[in-house]
Amino acid sequence: MRPIKFFLGIFLSICISCTAFGKPSAEYLPADADPDTSVPSPESLLGWEPGDWRIQHPSLVHYMQTLADNSDRVSIKVTGYTYEQKPLLQLIITSPENQANLESLRQAHLKGAIDGDKDAPLVVWLGYSVHGDEASGSNAVPIVAWYLAASRSEYVKELLKNTIVIIDPSLNPDGLDRFAAWSNANRSVNPVADRNGRIHHQDWPGGRTNHYLFDLNRDWLTLVHPESRARISEFQRWLPHVLTDHHETWHDGFFFQPGAPTRQHPLTTAENVEMTRALARYHAGSFDNAGEMYFTEDDYDDFFYGKGSTYPDINGSIGILFEQPRVNGAVMDRDSGRLKFTEAIHNQVRTSLSTLKGAYELRDEFKKYQAGFFRAMRERAENAAFKAWVIGDGNDPARALELMDLFKRHGVEFAALDTEVKAEGQVFKPGHAWVVPANQRQFGLAQAMMETRTEFTDTVFYDVSAWTLPMAYNLPFAKLARLPATSSTLPAPETGTPDPDAIAWVISWQQMNAPAVLQDLLDTGANVRAATKPFSISNGSGTQSFNEGSLVLLSGLQDKEKTGAILKILNQAGVKVHSFDSQMTRSGPGLGTSHFKKVKAIKPLLLVGEGTRAYDAGEAWFQLDQRLGVAPVMVDMSNLKTIRLHDYTHLLMVEGKYSAIGKNLKQDIATWVKDGGVLIAIQGAATWADSLCFKSDECSESKDDKKDKQEQANTMAYADFDDQEAQRTIAGAIVRATLDNTHPVAFGYNNEIPLFRRGSMLLKATENPFATPVRYAEKPLLSGYIGEQRLAEMSGQPAVIAERQGKGLVVRFANNPIFRGFWRGTDRLWINSLYFGPMVGTTQLPE
């Protein structure tokens, strides 16, 4: 058997003969770098020069560990793991003396963040490639880390003596690997610069997102995913003075912040923008010296605090966004000329080093700024017209505790309410509410999480314009003029141990974890029935009232061999389970009546692939797999015609373009629905679903209403375009909707709910008066920006339509109820469509 070194030698000789795209690491560095040869360079370990290939995460991890093993300036830490079990790394590079005293230096820095101690160390965080297919960032990391670990220059020694450099080599390892595999697999010996080349256009879903296809650069605030939770834990431990966020763009020139001056969030301080400008001069100098094209203070904004370059701005740090012109292969032709991948890497190295230089030379100003920021937040809190926020549990303690856990991860202080308070027409009771005081270090972040805003100086948004977290969780909240009595003991969700000898077990459907418990019970083969009318029932502890959707298990209907498994689920459910010794109710239908419908096991088919929006497909996948415990059967749209639809109970269609589904397949889907299938369609899919024909007289050429005559377009001034576009914009806003909570799709809700509204699509109204369980309010806007025209159009219009067709159901959503995995207040609408959709009865009145 030949030794491994033999094969490695052949591999390296082949690679060297076919790769002439990269360049030695030293050529990316300043002339005075003078690296210590005892510290391995990237190419000496990887076997190829940076720029030859896209680095994959295992190689990146191996090299980072090698640096830690070979340089006393470097330490390494695993902060968590991705869904694909890839380690999330934190590299800390500083002087050997500082490495021996990291914890005491961290504490000194945190103290300095309050009192501005100039002797505390400077802390700079460099973060790379949160979008996995924007890979020049992570490919620059080995070079930057090697420079800091190995350089013998006096500048680097002095820098590391006074600075702690934290490097996050890959914020999205799963996406990085997915893209690297794509790019490397499509790499040619002769590089393809033509933008039409396959290498420049990834197959669906691409490498931008994490395992479940979420954009991790929208998760810094909401922390749905392990990558984000691990990162924010360390961010709050260190509170860096500066954090960089390295991306790629389709623009021709390199962008660095500040962004557009009118598009900063109003809660961000003016001093933050000035400090960002101060650093920008260092980036500009570096690019001017290199002859590279760049721009700043244009196009990009700094508004949504859920992004990597904006989250630091409300946490006392300076966040910096870098956007390098993109190149997916070795080279790509752009409008301004040919771009090499090595140039992209070099620019990421340049901005990493210009950040370090600028931060170091301005270190006293940055320390002063950070301490001043937290003082300013205290002053802002003192001058606020309120003393605290109060948040109720909305009859679902688990949902409220999940929000409190989010606050805790961000360092936002809160306590349990200890006395009843009334505010803004609502009543908040002890044991069911939490208080977030205004007087705290994190007041700025708390305000960013809680505020509602409907007036804006600029109506152009790079992302969403509203994200009020209590609304996202559908929890009541209010501002308080006085700080009420509080307790440090937080209320825990009541669970209750089910009585194994009970006649009936009942679970309120209002509980956040009830759907996952239902799925576990169905998987076990339990007989579960759902209430279609409210009822009350008594046991030894008194009378309990339950609403529609509440789950009932009658012990006599269960398979005796499965009772043990059922009781085990109920004991470990994380929900409150009520036990009763009779089926007799005090009010409402008895438990043995037909008003309790059997919940059938589900087997949904999720349509994914080309044509569907990858983010939305990932959100549905995540909801099924992580939240409900449903085995998600995903099928590419191109393969749908090969699927026997009658093997599945539901067809799940997310936002996308479905014109590729031909006439015959559409008719097959309509037939499947009429035979009992449930079609759940969101946004663009909802528009497509409206074109399905369920009756022969509907199947004309097109169901769209067409005008016989083309109307002449109004003439408008060219300069008015931006204003007219703003009037037609919905920039990710929160709106009020009313519900018919007697409809199975709205079971478990009260009569109003905040919805997340993005995009301008409106549902075509149904003629069935009983088929609209959710409708926009007459005055819908709660928070965020919606142009006047769009606001008028949606007033009173349907937000969800659930219409019976034959034995089946079509549910159409105008908005995405499972948006980014954190809109917990509306995900129940989608879940209800899964489990309770088959219960929707025929509602055709006699003529």
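The values are calculated or read from the model by the stated rules, or taken from the named source; none is laboratory data. What you see is a predicted model; the values in this text were computed from it and never measured. Using ideal geometry, Cβ is built from the backbone for each residue, glycine included, and neighbour counts are taken over all protein chains shown. Please note that ligands, DNA and RNA were not included when accessible areas were found on the heavy atoms of the full protein model with its side chains. Shrake-Rupley method; radii C 1.70, N 1.55, O 1.52, S 1.80 Å.
Calculate, axis by axis, the spread of Cα positions in region 410-484 along the three principal axes, and write the results as whole Å, longest axis first.
43, 28, 22
What number in nm² do you get for region 192-231 if you take the convex hull of its Cα atoms and divide its surface by four? Walk me through the numbers on the way to the answer.
Details: hull surface 15.3 nm².
Averaged projected area of region 192-231's Cα convex hull equals 3.8 nm².
Assuming R0 = 35 Å, what is the FRET efficiency of N751 and T419, from their Cβ-Cβ distance, to the nearest 0.05? Intermediate results must be reported in sequence, preceding the final value.
Details: r = 28 Å, r/R0 = 0.80.
The computed FRET efficiency comes out at 0.80.
Could you work out how far the C-alpha centroid of region 460-477 sits from that of region 505-576, in angstrom?
32
What angle, in degrees between 0 and 90 and rounded to the nearest 10, separates the Cα long axis of helix 397-409 from the longest principal axis of the Cα atoms of the chain?
Between helix and principal axis, roughly 10 degrees.
Largest first and in whole Å, what are the equivalent-ellipsoid semi-axes of region 166-298 based on the Cα gyration tensor, each being the root of 5 times an eigenvalue? Numbers along the way, then the final one.
Values: eigenvalues 171, 111, 37 Å².
Here the semi-axes work out to 29, 24, 14 Å.
How do 132-138, 830-836 rank on mean C-beta neighbours within 10 Å, highest first?
On the way: 132-138: 27.9, 830-836: 25.3.
The peptides rank, most packed first, as 132-138, 830-836.
What's the angle, to the nearest 10 degrees (0 to 90), between helix 663-674's Cα axis and the longest principal axis of the chain?
50
May I ask you to derive the relative contact order of the chain, considering only C-alpha pairs under 8 Å and at least 6 residues apart, and to give it as an integer percent?
Values: 1750 pairs, mean separation 81.3, N = 847.
Once normalised by length, the contact order is 10 percent.
Output the Kirkwood hydrodynamic radius of region 167-225, Cα pairs only, in Å rounded to one decimal.
On the way: mean 1/r = 0.0770 Å⁻¹.
That comes to 13.0 Å for region 167-225.
Estimate the FRET efficiency between N184 and A270 by the formula 1/(1 + (r/R0)^6), using the beta-carbon distance for r and 56 Å for R0, to the nearest 0.05. Write down the numbers at each step before the final one.
On the way: r = 46 Å, r/R0 = 0.82.
In this case the efficiency is close to 0.75.
What accessible area, in Å² to the nearest ten, does a 1.4 Å probe give for S696?
Accessible area, nearest 10 Å²: 110 Å².
Mind checking region 611-678 for chymotrypsin sites (Phe, Trp or Tyr not before Pro) that DSSP puts in a loop (not H, G, I, E or B) and that have at most 12 other Cβ atoms within 10 Å? Walk me through the numbers on the way to the answer.
Numbers: sites: Y615, W621, F622, Y648, Y658, W672; in loops: Y648, Y658.
Loop-located and lightly packed - none at all.
Pop out the carbon and sulfur fraction of the accessible area of the chain as a percent, whole number, probe 1.4 Å. Could the numbers behind the result be given before it?
Values: 16860 of 34950 Å².
Answer for the chain is 48 percent, counting heavy atoms of protein chains only.
Express in whole angstrom the spacing between the alpha-carbon centres of region 403-448 and region 772-810.
With region 403-448 and region 772-810 each reduced to a Cα centre, they are spaced 31 Å.
Kirkwood hydrodynamic radius of region 788-828 from all distinct Cα pairs, in Å? Don't jump to the answer; show the numbers that get you there.
Numbers: mean 1/r = 0.0813 Å⁻¹.
Taking the inverse mean of 1/r over all distinct Cα pairs, region 788-828 comes out at 12.3 Å.
Relative contact order (percent) for region 730-782, with alpha-carbon contacts under 8 angstrom and 6 or more residues of separation?
Numbers: 81 pairs, mean separation 26.8, N = 53.
Worked out over region 730-782, it gives 51 percent.
Where the centre of each part is set by its Cα atoms, how far does region 213-267 sit from region 90-164, in angstrom?
Using only Cα atoms, the two centres lie 18 Å from each other.
If each Cα of region 397-450 is one equal point scatterer, what is log10 of I(q)/I(0) from the Debye formula at q = 0.26 Å⁻¹?
One equal scatterer on each Cα of region 397-450 leads to -1.13.
Can you give me the accessible area per residue for the chain, using a 1.4 Å probe, in Å²?
Details: 34950 Å² over 847 residues.
Value for the chain: 41 Å² per residue.
Taking N as the number of residues in region 715-847, what is its Cα Rg relative to 2.2 N^0.38 Å? Each step should come with its number before you reach the end.
Values: Rg = 16.3 Å, N = 133, 2.2 N^0.38 = 14.1 Å.
Against the empirical 2.2 N^0.38 Å value, I get 1.16 for region 715-847.
For R824, tell me the accessible area in Å² from a 1.4 Å probe, rounded to the nearest 10.
Its accessible surface works out to 30 Å², give or take rounding.
Between I643 and E494, what length comes free when the chain is fully extended (0.36 nm per residue of separation minus the Cα-Cα distance, one decimal in nm)?
On the way: separation 149, 0.36 × 149 = 53.64 nm, distance 4.42 nm.
Going from the current span to full extension adds 49.2 nm.
What is the percent of Cα-Cα separations in region 444-492 that go past 19 Å? Don't jump to the answer; show the numbers that get you there.
On the way: 550 of 1176 pairs.
Percentage above 19 Å: 47.
Just read off the accessible area of S488 with the full protein assembly in place, 1.4 Å probe, to the nearest 10 Å².
It works out to around 110 Å².
What is the Cα convex hull volume of the chain when expressed per residue in Å³?
Values: hull volume 175.0 nm³, N = 847.
Convex hull of Cα atoms, per residue: 207 Å³.
Could you give the semi-axes, largest first, of the ellipsoid that matches region 347-432, computed as the square roots of 5 times the alpha carbon gyration tensor eigenvalues and rounded to whole Å?
Details: eigenvalues 331, 69, 18 Å².
That gives 41, 19, 9 Å for the three semi-axes.
In units of 2.2 N^0.38 Å, what is the alpha-carbon radius of gyration of region 527-587? Write out the running numbers ahead of the final one.
Values: Rg = 12.1 Å, N = 61, 2.2 N^0.38 = 10.5 Å.
Rg over 2.2 N^0.38 Å, computed on Cα atoms: 1.16.
Convex hull over the Cα atoms of region 82-123, averaged projected area in nm²?
Values: hull surface 16.6 nm².
Result: a mean projected hull area of 4.2 nm².
What is the dipole size for the chain, taken about its Cα centre, with +1 at each Lys and Arg Cβ and -1 at each Asp and Glu Cβ, in debye to the nearest 20? If you can, show how the numbers build up before the last one.
Numbers: 86 positive and 101 negative charges, 397 e Å.
That gives a dipole near 1900 debye.
Calculate log10 I(q)/I(0) of region 308-457 for q = 0.18 Å⁻¹, where I(q) comes from the Debye formula with a single equal point scatterer on each Cα and nothing for solvent.
The Debye formula, applied to the Cα set alone, gives -1.09.
Counting DSSP beta bridges with both partners in the chain, what percentage is antiparallel, nearest 5? Kindly include the intermediate steps, with their values, before the conclusion.
Numbers: 73 of 111 bridges.
Bridges in the chain are about 65 percent antiparallel.
Using 1/(1 + (r/R0)^6) with R0 = 30 angstrom and r between the beta carbons of K429 and E778, what's the FRET efficiency to the nearest 0.05? If you can, show how the numbers build up before the last one.
Numbers: r = 31 Å, r/R0 = 1.03.
Computed FRET efficiency for K429 and E778: 0.45.
Apply the Kirkwood formula to region 652-699: the hydrodynamic radius equals the inverse of the mean of 1/r over all pairs of different alpha-carbon atoms; give it in Å with one decimal.
Numbers: mean 1/r = 0.0908 Å⁻¹.
It is 11.0 Å.
Equivalent-ellipsoid semi-axes (√(5λ), Cα gyration tensor) for region 430-540, whole Å, largest first? Walk me through the intermediate numbers first.
Details: eigenvalues 306, 94, 33 Å².
Equivalent ellipsoid semi-axes, largest first: 39, 22, 13 Å.
Find the relative contact order for region 88-191 and round it to a whole percent, using C-alpha pairs within less than 8 Å whose residues are 6+ positions apart.
Numbers: 119 pairs, mean separation 44.5, N = 104.
Relative contact order here is 43 percent.
Can you order the peptides 81-88, 421-428, 238-245, 746-753 by their average number of other Cβ atoms within 10 Å per residue, highest first? Walk me through the numbers before you get to the answer.
Details: 81-88: 17.2, 421-428: 14.4, 238-245: 25.9, 746-753: 20.1.
Output ranking for 81-88, 421-428, 238-245, 746-753: 238-245, 746-753, 81-88, 421-428.
For a distance above 15 Å, tell me the whole-number percent of Cα pairs in region 801-847 that qualify.
49
Can you give me the Rg/Rh ratio for region 53-154, using Cα atoms for both radii and the Kirkwood formula for Rh? Before the final figure, lay out each step's value.
On the way: Rg = 15.3 Å, Rh = 15.2 Å.
Rounded to two decimals, Rg over Rh is 1.00.
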